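The values are calculated or read from the model by the stated rules, or taken from the named source; none is laboratory data. Here the structure is a predicted model, which means the values were calculated and not measured. Glycine gets a Cβ as well: all are built from the backbone with ideal geometry, and neighbour counts include every protein chain shown.
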Amino acid sequence: MTKRLLLASALFFSALNYAQDKPAESTKETPSRIKVYTPSGSQTGKSSKDNSYKWDVKTDIFGIISGEIPIIGEYRIARKFSVEASAALTYAYLPNDFLGTSAGNESSIGDTKAAMGSAFRGTIKYYPSSDYDAIEGWNFGLQFYTKTTNRDYNTTGDGAELLNGNKDSKTKTGVSLIIGKQIFEDSNVTFESYLGIGFANVKREYSSLNTTYDSNNNNYSYSVSTFSTNEMKPNFQIGLKIGFGN
């Protein structure tokens, strides 16, 4: 009788132990399935998205002061490279011979006044910073440009009216190496300061008044001659651009 009680007790406790162990195993399986969490994977992919700036539109404050009023656009074409292009109106506040452009008879060219011209620039830029992609940070560029400044003649008296209607025109065509730094502030406002050095072919066309005295008739006759010069000169640039981008 005692043996039967011991055997029955052993079977009872074995069954009870088995019943307790089985739910424990199912409890462990449930968390193991929850570990596969899809949203975390999608968030990782989202964080790898390229959030760098890709374009900006700006103008050059120093250019406006010097008589060039540009609209400039820059677009990123690769991780470290961008292209920049600008079109501008020019307004020649200063005479075209102000910086010493060679000319013939300067004393006879008459008075001139500012007139409209145009300028076009194209630049490929490289951004070397390891902290930023183009178009932010330090940059180096190679710029090609052409700029025309015009002056209208505004003279009176002693035949000088013959000059009116002609133009004193100076065109600079050249290439420059540019170094600059562009930063983006709040609201995607961008600032860029830069320096440039290069060479330009400077072509100038202007008119001059010729005066001839006729001793037989004791009077003067007047005519207009056109001159042109063409020379290579160093070219320096400095600027401060402001605009916005994204």
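Look at (1) aliphatic (A, V, I, L, M); (2) modelled with pLDDT under 55; (3) surrounded by 14 or more Cβ atoms within 10 Å (Cβ to Cβ) and you find that Ile34 fails only one, number (3).
Tell me yes or no: at least one residue of the stretch 181-198 is more than 27 Å from Ala85 (Cβ to Cβ) and acidic (Asp, Glu). No.
Could you please find all residues in the stretch 74-89 being in a strand (DSSP E or B) and among the charged types (D, E, K, R)? Outline the logic, then answer.
Start the filter on the stretch 74-89 by keeping residues that are in a strand (DSSP E or B), which leaves 74-76, 81-89.
Glu74, Arg76, Glu84 - these are the residues of the stretch 74-89 that are in a strand (DSSP E or B) and among the charged types (D, E, K, R).
Considering only residues that are under 16 Å from Ser207 (Cα atoms) and in contact with a Ser or Thr (Cβ under 6 Å, 6 or more places away or on another chain), which ones fall in the stretch 137-153? Thr149, Asn150, Arg151, Tyr153, listed by residue number.
If I filter the stretch 110-161 down to residues being β-branched (Val, Ile, Thr) and over 21 Å from the mean Cα position of the chain (by Cα), which single residue comes out as surrounded by the fewest Cβ atoms within 10 Å (Cβ to Cβ)?
Just the residues of the stretch 110-161 that are β-branched (Val, Ile, Thr), to begin with: 112, 123-124, 135, 146, 148-149, 155-156.
Now restrict to residues that are over 21 Å from the mean Cα position of the chain (by Cα): 112, 149, 155-156.
Numbers: Thr112: 22, Thr149: 25, Thr155: 17, Thr156: 11.
Selected residue: Thr156.
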